[in-house]
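What follows is a single structure, written as structure tokens, with notes after it.
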Amino acid sequence: MRDFDQPINIVGAGLAGALLAVMLVRHGCGALRMWDRRPDPRRTRTERGRSINLALAARGIRALEHAGLMQHVRPLLIPMRGRMVHERSGTTSLQPYGQRANELIYSVSRASLNHVLIEAAARHPQVTLRFDQTCLGVDLPANLLRLRNEVSGAHYTVDLRPTLATDGAGSAVRNSLWSAGQLTVREDWLDHDYKELTIAPLNGRPALEPNALHIWPRGGFMLIALPNTDQSFTATLFLARSGAHSFESLSDSQAVADFFAAEFPDVAPLIPNLMAEFRAHPAGQLGTIHTLPWHVSSQVLLLGDAAHAIVPFHGQGMNAAFEDCLLLDSLIDEFDDWEALFTQFERLRRPNTTAIAQMALENYTEMRDTVLDPGFVRRKGLALELERRFPERFIPRYAMVMFHPEIPYAEALRRGAVQQEILLELDRAPQTDWALAERLINERLPTLAPA
Ligand SMILES: Cc1cc2nc3c(=O)[nH]c(=O)nc-3n(C[C@H](O)[C@H](O)[C@H](O)COP(=O)(O)OP(=O)(O)OC[C@H]3O[C@@H](n4cnc5c(N)ncnc54)[C@H](O)[C@@H]3O)c2cc1C
């Protein structure tokens, strides 16, 4: 019998940890202890310097709905209908994300969303939230979780089993399991970093179209901006760490000013504190983390970024972490013991997180480069037309990932590759051969199960 009587530890009250807590409580677990190294975000100012806002899409929304939280989250959301592409010349064009009214993604403040989730978890008397408590790792033989109180400096331990580790990309739990030889970890870091800047409101109004995700693609690098509810935008510069155009080359104010004037002349005047922010905000690292396995017997399971952090170019890291929580929750009733539950969770989930990790990397090239390519734009239009004509078989890959949570990531990756072949084949002729399109689609793409 799975033991819901003993306390469950959740390490990390971030996005996945807080949502998981709500789901577990709704499932009837007994006591739940949550540990986070940050001060209580309900009492302190927002931490700056790491992605301030995020794109929430259908997979994340489905998980939040399952936990009964969407009514609290909805007021935080700003719909984004598509990518607003800003060329160097200043020309802009909106590339819609989908073609149905509900095919939108949403900008949401990380801090506000985390706040809502933490408050939802805290409403349940079974949940004990302990902030300012840094997990230092696990001691498997002694079955202990090691912690440090950041206020008193005291080190202490609590019973380990079971611990759900949602302590993010730098997971201390993962690192200690790795040090103990319990799992292998591969960290693939990009040679591009990111830095966040603020596009201020203009006369109290948004300086850019508010219902879009803005992109300034420049080949080897790009700037993006997502809207905030206070009419500002958070812009993120993705740029090589070293080389000709790089963070390293932007070492003084003049270099930063020249770079922005040359590459982003339309947006530079909209960032009033460009120099100060550029100097003050840290450049964050981006990478993919591959961990094998994600669990150790019935003692520990890693979820979210702790297990499988990905690069942010598909806007799916949080969405995938929320999907992890949903899957674990949906499996709980099938298993009597934690180990069997963890094993099945990992078996079902790994192919999908591997697939989204790959698609997220591929999307970087698309966002910073290919969105301006006429062939890409033509095939994107063709893909939308094929979706209109054959909606049960052909759904553009981006739409499968963002708007179709019923299609697992791995399936989106597989079908997406077949669809790409079909698009390239059809794109060879000057006029689309619709009879050929129908034949290829019927031959190669089985009908999708109804949503
Ligand atoms: C620039 C950028 C942009 C992004 N944009 C998007 C996007 O648009 N859409 C999207 O879906 N995803 C996006 N992501 C990814 C998203 O941020 C992550 O996938 C998501 O935060 C993962 O949630 P998590 O709960 O696993 O980890 P986190 O949200 O990182 O939470 C980890 C928690 O653990 C705590 N913690 C860490 N270490 C310890 C410790 N030793 N002891 C105790 N507590 C600890 C932290 O304080 C934190 O509260 C982006 C990421 C970046 C870097």
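Just for strands (runs of 3 or more DSSP E) wholly inside region 37-125: which have at least 1 residues that are away from the ligand (no atom under 12 Å from the Cβ)? Before the answer, list the steps.
On the way: elements: 53-56, 78-80, 82-86, 92-96, 105-109.
Correct list: 78-80, 82-86, 92-96.
Suppose we filter F313, F322, F260, F278 for residues that are surrounded by 24 or more Cβ atoms within 10 Å (Cβ to Cβ), among the hydrophobic types (A, V, I, L, M, F, W, C) and either under 13 Å from the mean Cα position of the chain (by Cα) or under 30 Å from P206 (Cα atoms) (or both); which single one remains? I'd like the intermediate steps shown before the answer.
On the way: F313 fails: surrounded by 24 or more Cβ atoms within 10 Å (Cβ to Cβ); F260 fails: surrounded by 24 or more Cβ atoms within 10 Å (Cβ to Cβ); F278 fails: surrounded by 24 or more Cβ atoms within 10 Å (Cβ to Cβ).
Being surrounded by 24 or more Cβ atoms within 10 Å (Cβ to Cβ), among the hydrophobic types (A, V, I, L, M, F, W, C) and either under 13 Å from the mean Cα position of the chain (by Cα) or under 30 Å from P206 (Cα atoms) (or both) holds for just one of F313, F322, F260, F278, which is F322.
Kindly evaluate T157 against the criterion of being surrounded by fewer than 17 Cβ atoms within 10 Å (Cβ to Cβ), in a strand (DSSP E or B) and not small (G, A, S).
yes
Quick check on region 240-249. Is at least one of its residues under 30 Å from A13 (Cα atoms), in contact with a Ser or Thr (Cβ under 8 Å, 6 or more places away or on another chain) and either assigned to a strand (DSSP E or B) or within 16 Å of the ligand (Cβ to nearest atom) (or both)?
Within region 240-249, not a single residue is under 30 Å from A13 (Cα atoms), in contact with a Ser or Thr (Cβ under 8 Å, 6 or more places away or on another chain) and either assigned to a strand (DSSP E or B) or within 16 Å of the ligand (Cβ to nearest atom) (or both).
Kindly establish whether R146 is over 30 Å from A212 (Cβ atoms), buried (at least 18 other Cβ atoms within 10 Å of the Cβ) and among the charged types (D, E, K, R).
So R146 fits the description; yes.
Of all residues in region 310-361, count the ones that are away from the ligand (no atom under 13 Å from the Cβ) and at positive phi.
0
Based on what the data block shows, is V296 of a type outside the set (G, A, S), away from the ligand (no atom under 12 Å from the Cβ) and either more than 30 Å from R88 (Cα to Cα) or touching a residue at least 24 places away in the same chain (Cβ under 8 Å) (or both)?
Criteria met by V296.
With a cut-off of at least 1 residues that are within 26 Å of N102 (Cα to Cα) and in contact (Cβ under 8 Å) with a residue 60 or more places away in the chain, name the helices (runs of 4 or more DSSP H) lying wholly within region 344-449.
374-389, 397-403, 409-427
What number of residues within region 64-104 satisfy the criterion of being buried (at least 20 other Cβ atoms within 10 Å of the Cβ), farther than 30 Å from L372 by Cα and touching a strand residue (DSSP E or B) at 6+ places or on another chain (Cβ under 6 Å)?
Matching residues across region 64-104 total 0.
Conditions: (1) over 24 Å from C135 (Cβ atoms); (2) outside any loop (DSSP other than H, G, I, E, B). E209 meets all but one. Number of the miss?
Status for E209: all satisfied but (2).
Can you confirm whether L301 is assigned to a helix (DSSP H, G or I) and more than 7 Å from the ligand (Cβ to nearest atom)?
For L301, the condition - assigned to a helix (DSSP H, G or I) and more than 7 Å from the ligand (Cβ to nearest atom) - is not met.
Do we have P282 as closer than 20 Å to I224 by Cβ, within 14 Å of the ligand (Cβ to nearest atom) and touching a Leu at 6+ places or on another chain (Cβ under 8 Å) here?
Spelling it out, it is not the case that P282 is closer than 20 Å to I224 by Cβ, within 14 Å of the ligand (Cβ to nearest atom) and touching a Leu at 6+ places or on another chain (Cβ under 8 Å).
Out of all the residues in region 231-247, is one or more touching a Gly at 6+ places or on another chain (Cβ under 6 Å), in contact (Cβ under 8 Å) with a residue 24 or more places away in the chain and among the charged types (D, E, K, R)?
Checked region 231-247: no residue is touching a Gly at 6+ places or on another chain (Cβ under 6 Å), in contact (Cβ under 8 Å) with a residue 24 or more places away in the chain and among the charged types (D, E, K, R).
Rule-based calculations on the coordinates, nothing more; no lab input. Keep in mind that what you see is a predicted model, and the values were worked out from it rather than measured. Here Cβ is always computed from backbone atoms with ideal geometry, including for glycine, and neighbour counts include all displayed protein chains.
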